[in-house]
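Enquirer: Quick one: the structure is below, questions incoming.
Rule-based calculations on the coordinates, nothing more; no lab input. Keep in mind the model is a prediction, meaning the values are calculated, not measured. Cβ sites come from the backbone with ideal geometry, for glycine too, and all protein chains shown count toward neighbours.
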Amino acid sequence: MEQTLSSPGHAVVIGAGVVGLGTAWSLARDGWQVTVIDAGQPGQGASGGNGAQLSYSYVQPLADPGLWTELPRLLLSRDSPLRLRPQADPAQWAWLLSFMMACRASVSRDSSRVLLALASESREMFERMRREEQLDCHFAANGKLVLYPSVAGLASARRQVAVQAALGGADQHILSQKECADVEPALAHYAGRIAGGVYTPSECAVDCGQLCVALHQRLQVAGVQFLLGQAVLGWHRERDRVIAVRLASGEVRADAFVLAAGTGSTALARGLGLRLPVYPLKGYSITVPVDRSTASAAPNVNVTDLARKVVFARLGDRLRVAGMAELVGEDLRVDPVRIESLKATTHDVFPQLPLSGDLRPWSGLRPATPRGLPLIGRADKGPENLWLNTGHGALGLTLAMGSAERLRKLLRAASAPTSRYRPAPAACSV
Ligand SMILES: Cc1cc2nc3c(=O)[nH]c(=O)nc-3n(C[C@H](O)[C@H](O)[C@H](O)COP(=O)(O)OP(=O)(O)OC[C@H]3O[C@@H](n4cnc5c(N)ncnc54)[C@H](O)[C@@H]3O)c2cc1C
């Protein structure tokens, strides 16, 4: 890891998911002495079994104007990818209300524009990190094919592709049914049931859980300290600064504190009187073993089946299948019905792929904001040395390195002795 010489100080990063580890990498490289604290182990939260897509060109937030018309079907149908289990929790209702407001076309368009810019920075930083660290984590630049069930959907995708092209986005192609099967032969049996697809050759995939484990090892060697299996329980605050975080084993003091604890960020921020608009959006995955005899039945290209909102990513000799979005609070139980649904979708799209062996059923909680924009920067009413890097929702893997870089720049500007510090606007204000 390349590092600058003068140390701006000691930074504590709370959370060893992909966002916290990416932040630790950026800060350590910038000369900070870094301590990462996690209640569990690296990559055990939402980053562990996610859809594995570095989805730089598909950043449209879930809060989409089309959702208004689709919502009754999505919420009422038994095998819908969306599910709401109403809780006696004002935070859930406040989030849902803000989410519905964010579905307005103008808001959704604006969110997409912000996310596209952040995704582009992320691509650059991820590539830099990959070049420097050479991590073993099944990275593949195999492109991405999004399948559209209807002609109307494909027409709207064509418009979106034009908008993104005008914004300087990546090369994208509208494909017919047959062209979809040409790009990804494993789709030969399914292509007749779709209207077509959008193909983006430059999209990538990586095993996010493995990336976290590899990054943890590399950061340790570079001198980053890890306190694992230790939950942050609270804060030691004096006036407008945090002095230390409290663990069961004692306090950890630092100059700056980064809250990158995924869905755990909300409760921790509450301890400082801050209300973060981050709510868990639960999803599921399975990981299908692929051997030499079944290799041609599984896709090499990343595939998204938009009708069922399920993504497929080839990770070497495995196929990751992920999807669903449930507003069910902090419940992390793996619902067998949802797993069966993922298996059924996989069988439908890739019927020749055997679904035997251990499929490693998994669930995770996306730290979602209503607009789909992460919180990067200082909270307006928070302590001056508390920094947020959380709320990345369905795009945390994609946006992690760009968010880390933005935060690094903010911390650098704040710690420069000559600069008169003015907080930069976060991607989403709190
Ligand atoms: C089914 C599914 C599919 C997905 N697919 C994709 C995809 O294809 N592409 C993509 O870009 N994104 C995807 N995502 C989203 C992505 O996984 C998340 O946005 C990302 O993992 C969030 O990372 P994080 O580091 O913020 O949170 P996490 O990975 O959840 O890490 C937070 C860490 O904070 C720790 N923590 C929490 N509270 C405390 C505390 N009090 N003290 C100490 N530590 C604490 C936790 O132990 C945890 O390790 C998907 C998510 C799901 C659920």
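Enquirer: Given a cut-off of under 8 Å on Cα pairs at least six residues apart, what relative contact order in percent is computed for segment 21-162? Can you show the working numbers first?
Expert: On the way: 53 pairs, mean separation 34.6, N = 142.
Rounded, it is 24 percent for segment 21-162.
Enquirer: How long is the gain from Ala248 to Ala105 if the chain were fully straight, where each residue apart is worth 0.36 nm and the alpha carbon distance is subtracted?
Expert: Taking Ala248 through Ala105 to full extension adds about 46.8 nm, to one decimal.
Enquirer: Further question: Over segment 184-316, what lengths in whole Å, largest first, do the semi-axes of the equivalent ellipsoid take, defined as the square roots of 5 times the eigenvalues of the alpha-carbon gyration tensor?
Expert: 43, 20, 12
Enquirer: For segment 25-114, what is the per residue volume of the convex hull drawn over the alpha-carbon atoms, in cubic angstrom?
Expert: Details: hull volume 17.5 nm³, N = 90.
Measuring per residue, one finds 194 Å³ for the Cα hull of segment 25-114.
Enquirer: What dipole magnitude, in Debye to the nearest 20, does segment 1-143 give about its Cα centre under +1 on Lys/Arg Cβ and -1 on Asp/Glu Cβ? Walk me through the numbers before you get to the answer.
Expert: On the way: 12 positive and 14 negative charges, 104 e Å.
Roughly 500 debye for segment 1-143.
Enquirer: Now, a different point. So for the chain, taking the charge dipole from beta-carbon charges (+1 Lys/Arg, -1 Asp/Glu), which of Gly22, Ala267, Gly316 sits furthest toward the positive end?
Expert: Ala267
Enquirer: Could you pull out which residues in segment 91-120 have an amide N less than 17 Å from a spot 7 Å beyond the Cα of Ala267, following the Cα-Cβ vector?
Expert: Within reach of a label on Ala267: 91-92.
Enquirer: Give the peptides 161-167, 300-306 in descending order of average Cβ contacts within 10 Å, highest first.
Expert: Going from most to least packed, we get 300-306, 161-167.
Enquirer: For Ala295 and Arg241, what is the calculated FRET efficiency with R₀ set at 60 Å and r taken between the beta-carbons, to the nearest 0.05?
Expert: On the way: r = 56 Å, r/R0 = 0.93.
The formula returns an efficiency of 0.60 here.
Enquirer: So, one more: On a 0 to 90 degree scale, rounded to 10, what angle separates helix 18-29 from the longest Cα axis of the chain?
Expert: 50 degrees
Enquirer: State the answer as a single residue: which of Phe257, Trp95, Thr345 lies farthest towards the positive end of the charge dipole of the chain, with beta carbon charges of +1 for Lys and Arg and -1 for Asp and Glu, about the Cα centre.
Expert: Among Phe257, Trp95, Thr345, the one farthest towards the positive end of the dipole of the chain is Trp95.
Enquirer: Now for a different question. Run the simple label-point estimate for Ser150 and Asp171 please: 7 Å along Cα→C-beta, distance reported in nm.
Expert: Taking the two extended label points, one gets 3.2 nm.
Enquirer: Hey, another quick one. Rule-of-thumb check for the chain: C-alpha Rg over 2.2 N^0.38 Å? Intermediate values should be presented prior to the final figure.
Expert: On the way: Rg = 21.1 Å, N = 430, 2.2 N^0.38 = 22.0 Å.
Cα Rg divided by the expected 2.2 N^0.38 Å: 0.96.
Enquirer: Which semi-axis lengths, in whole Å and largest first, follow from the square roots of five times the eigenvalues of the Cα gyration tensor of segment 366-407? Walk me through the numbers before you get to the answer.
Expert: Values: eigenvalues 69, 32, 8 Å².
Working from the Cα gyration tensor, I get semi-axes of 19, 13, 6 Å.
Enquirer: Any chance you could check the Cα centroid distance between segment 94-112 and segment 114-174 for me, in angstrom?
Expert: Taking the Cα centre of each part, segment 94-112 and segment 114-174 sit 22 Å apart.
Enquirer: Sticking to Cα atoms, compute the Rg of segment 291-430 to one decimal and its Dmax as the biggest Cα-Cα distance, whole number, in Å.
Expert: Answer for segment 291-430, Rg first and Dmax second: 20.3, 64 Å.
Enquirer: Right, next: Mind checking the dipole of segment 133-204: about its Cα centre, +1 per Lys or Arg Cβ, -1 per Asp or Glu Cβ, Debye to the nearest 20?
Expert: About 460 debye.
Enquirer: Still on this structure: What angle do you read, to the nearest 10 degrees and between 0 and 90, between the alpha-carbon axis of helix 336-349 and the longest principal axis of the chain?
Expert: The two axes meet at around 50 degrees.
Enquirer: Further question on the same structure: Short version: ³J(HN,Hα) in whole Hz for each residue of segment 221-228, in order, from phi by Karplus 6.51 cos²θ - 1.76 cosθ + 1.60 (θ = phi - 60°), x for Gly and Pro, what are they?
Expert: 4, 7, x, 6, 8, 10, 10, 9
Enquirer: Among the lysines, which fall within straight-line cross-link reach of Lys144, defined as a Cα-Cα distance under 19 Å, with same-chain neighbours fewer than 8 residues apart omitted?
Expert: Lys178, Lys309
Enquirer: Could you state the angle between the C-alpha long axis of helix 105-133 and the longest principal axis of the C-alpha atoms of the chain, as a value from 0 to 90 degrees rounded to the nearest 10?
Expert: Taking the Cα atoms of the chain, the angle to 105-133 is about 80 degrees.
Enquirer: Name the residue farthest towards the positive end of the dipole of segment 205-361 from the options Val290, Leu355, Pro280, assuming +1 on Cβ of Lys and Arg, -1 on Cβ of Asp and Glu, about the Cα centre.
Expert: Checked the options; the winner is Pro280.
Enquirer: So if each residue of separation counts as 0.36 nm, and I subtract the Cα-Cα distance between Ala162 and Gln134, what length gain in nm does that give?
Expert: 6.6 nm
Enquirer: About the Cα centre of the chain, how large is the charge dipole given +1 on each Lys and Arg Cβ and -1 on each Asp and Glu Cβ? Please answer in debye to the nearest 20. Write out the running numbers ahead of the final one.
Expert: Details: 46 positive and 37 negative charges, 183 e Å.
With Lys and Arg at +1 and Asp and Glu at -1, about 880 debye.
Enquirer: Cβ neighbours within 10 Å, averaged per peptide: list 18-28, 352-362 in order, most packed at the top.
Expert: Output ranking for 18-28, 352-362: 18-28, 352-362.
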